[in-house]
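A.B. asks: First the structure, which I've put down as structure tokens, then a few questions once you've had a look.
Just so you know, all these numbers are worked out from the coordinates, no wet-lab data involved. What you are looking at is a predicted structure, and each value in this text was computed from that prediction instead of being measured. Heads up, the Cβs are rebuilt from the backbone with ideal geometry, glycines too, and the neighbour counts pull from every protein chain shown.
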Amino acid sequence: MRASILLLPLLALAASGCVAQTAWNVATLPVKATGKAIDWTTTSQSESDRNYGRKMRKQEAEEGKQRRKAAERCKKHPDDQDACQYQGYRAGY
């Protein structure tokens, strides 16, 4: 019985720390949730760079296709100045 009286204050201290930690977690939850939502909605610099690189590679591929078509037209009609000058798409513009 005497041991239980000595353990009661220790148990109270342990429980109060647990309650305090839970209260702290509940109080900071909205801040953590807001931060996570902002991370999901914003684009980091590395993501932006990766997306820009992908976009430029697609544009350059399209420009290459059009330039090859223009070169084919120029081979078929070498006297036609309009067919031999590339006036098409240019990547990055």
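A.B. asks: If I model a spin label as a point 7 Å beyond the Cα along the Cα-Cβ vector, how far apart are those points for ARG54 and LYS36 in nm?
C.D. replies: 2.5 nm
A.B. asks: Okay, moving on. Magnitude of the Cβ-charge dipole of region 17-71, K/R +1 and D/E -1, about the Cα centre, nearest 20 debye? Display every interim value, and only then the final one.
C.D. replies: Numbers: 11 positive and 6 negative charges, 100 e Å.
Dipole of region 17-71, to the nearest 20 debye: 480 debye.
A.B. asks: For region 25-31, in order, what is each residue's ³J(HN,Hα) by Karplus, 6.51 cos²θ - 1.76 cosθ + 1.60 with θ = phi - 60°, in whole Hz (x at glycine and Pro)?
C.D. replies: My calculation for region 25-31 gives 5, 5, 5, 8, 4, x, 5 Hz in order.
A.B. asks: Hey, which lysines would be in cross-link range of LYS65, C-alpha to C-alpha under 28 Å, not counting anything within fewer than 8 residues on its own chain?
C.D. replies: Partners within reach: LYS55, LYS75, LYS76.
A.B. asks: Follow-up. Using mean Cβ contacts within 10 Å as the protection proxy, how do 56-65, 33-42 order, highest first? Write down the numbers at each step before the final one.
C.D. replies: Values: 56-65: 12.8, 33-42: 9.1.
By packing density, highest mean first, the sequence is 56-65, 33-42.
A.B. asks: I've got another one for you. So what J values fall out for region 52-66 if you push phi through Karplus, 6.51 cos²θ - 1.76 cosθ + 1.60 with θ = phi - 60°, rounded to Hz, Gly and Pro as x?
C.D. replies: 3J(HN,Hα) across region 52-66, in whole Hz: 5, x, 4, 4, 5, 5, 5, 5, 5, 5, 5, 4, x, 4, 5.
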